[in-house]
Amino acid sequence: MAHASGLEPAIALLELDSIAVGIVAGDAMAKRAPIDVLHAGTVHPGRYLVLVGGAVADVEEALAVGCEAGEGSILDAVLLPAVDPQVVAGLRGARREGTGEALGVIETTTVASIIDAADAGVKGARVRLLELRVADDLGGKAYVLFDGAVSDVEAAVEHGLERIADSGRTAGRVTGRVVAQLHASMRANLESDARFAAHVRGEG
């Protein structure tokens, strides 16, 4: 049964350092399996992302052929057979206000890694996913914000970092931090606009 978002129950993301090869890989993925949805396009700094969603077997098959077509240009890839709805909402741009006693942050240098970490975090602890930012205006970096009790946020960050480590990824640096009792000024800045220039100009 297809889900309304098209990005459930399974998603896969392929991240490439070549736009041309990314287009070829995305086309191969779309042609190979009857996936429910495919989103593809550029992100900073000159990378190409292909995100597919649908039934588990179809998404697995699409990712396999995408990896084959994109060989030599793949920076990272992730397959989530049962993606958490909070991650799907985050990918679609949903942002939530923090209400808990702690904020957790995981930062990665690939989009695939942050999606994987976000999914592990919300599944492994009782936290809320506040925001999932990917690549654009970040020089290719990505980050996720978790909200909840200190112990739960610590667990979410730990689960996220472990998921990345267990995957054997070597695509850049990964950082995780937990901030207890986030200051109101920092919370306001995070919730209005993460970009520094917007705050200085009075737009945030």
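Give the residue, chosen from Ile106, Ile115, that is surrounded by 20 or more Cβ atoms within 10 Å (Cβ to Cβ), of a type in the set (A, V, I, L, M), touching a Leu at 6+ places or on another chain (Cβ under 7 Å) and farther than 17 Å from Val179 by Cβ. Quick ask: steps written out before the conclusion?
Working: Ile106 fails: farther than 17 Å from Val179 by Cβ.
Of the residues listed, the single one that is surrounded by 20 or more Cβ atoms within 10 Å (Cβ to Cβ), of a type in the set (A, V, I, L, M), touching a Leu at 6+ places or on another chain (Cβ under 7 Å) and farther than 17 Å from Val179 by Cβ is Ile115.
Please go through (1) under 13 Å from the mean Cα position of the chain (by Cα); (2) modelled with pLDDT of 90 or more for Ala184 and return the number of the only condition it doesn't satisfy.
Looking at each condition in turn, Ala184 falls short on (1).
I'd like to check something: does segment 80-93 contain any residue that is surrounded by fewer than 24 Cβ atoms within 10 Å (Cβ to Cβ), polar (S, T, N, Q), more than 23 Å from Leu161 (Cα to Cα) and modelled with pLDDT of 95 or more? Step through it out loud before you land on a result.
First, pick out the residues of segment 80-93 that are surrounded by fewer than 24 Cβ atoms within 10 Å (Cβ to Cβ): 81-82, 84-86, 88-89, 91-93.
Now restrict to residues that are polar (S, T, N, Q): 86.
Subset that is more than 23 Å from Leu161 (Cα to Cα): none.
No, that holds for no residue.
With Gly139, Gly124 as the choices, which residue is at positive phi and in contact with a His (Cβ under 9 Å, 6 or more places away or on another chain)?
Working: Gly124 fails: at positive phi.
Step by step, each of Gly139, Gly124 is checked, and only Gly139 is at positive phi and in contact with a His (Cβ under 9 Å, 6 or more places away or on another chain).
Given the conditions (1) closer than 17 Å to Glu15 by Cα; (2) buried (at least 24 other Cβ atoms within 10 Å of the Cβ), which single one is not true for Ala77?
So the condition that Ala77 fails would be (2).
Restricting attention to segment 54-69, does a residue exist that is modelled with pLDDT under 95, surrounded by 17 or more Cβ atoms within 10 Å (Cβ to Cβ) and either of a type in the set (Val, Ile, Thr) or in the same structural domain as Val179 (by TED's automatic domain parsing) (or both)?
no
Among the numbered criteria (1) assigned to a loop (DSSP other than H, G, I, E, B); (2) free of Cβ contacts under 8 Å to residues at least 40 places away in the same chain; (3) at negative phi, which one does Gly93 miss?
So the condition that Gly93 fails would be (3).
Just for segment 137-166: of the residues that are surrounded by 14 or more Cβ atoms within 10 Å (Cβ to Cβ) and touching a residue at least 60 places away in the same chain (Cβ under 8 Å), which one is farthest from Leu14 (Cα to Cα)?
Leu138
Given the structure, is Thr42 of a type in the set (Val, Ile, Thr) and assigned by TED's automatic domain parsing to the domain that holds Glu158? Quick ask: steps written out before the conclusion?
Numbers: of a type in the set (Val, Ile, Thr): yes; assigned by TED's automatic domain parsing to the domain that holds Glu158: no.
Spelling it out, it is not the case that Thr42 is of a type in the set (Val, Ile, Thr) and assigned by TED's automatic domain parsing to the domain that holds Glu158.
Being more than 25 Å from Val157 (Cα to Cα) and not hydroxyl-bearing (Ser, Thr, Tyr), is that true of even one residue in segment 79-102? Reasoning before the result, please.
Within segment 79-102, the first condition is being more than 25 Å from Val157 (Cα to Cα), and the residues that meet it are none.
Within segment 79-102, none of the residues are more than 25 Å from Val157 (Cα to Cα) and not hydroxyl-bearing (Ser, Thr, Tyr).
The values are calculated or read from the model by the stated rules, or taken from the named source; none is laboratory data. Nothing here was measured: the structure is a model prediction, and the numbers come from that model. Glycine also receives a Cβ, built like all others from the backbone with ideal geometry; neighbour counts cover every protein chain displayed.
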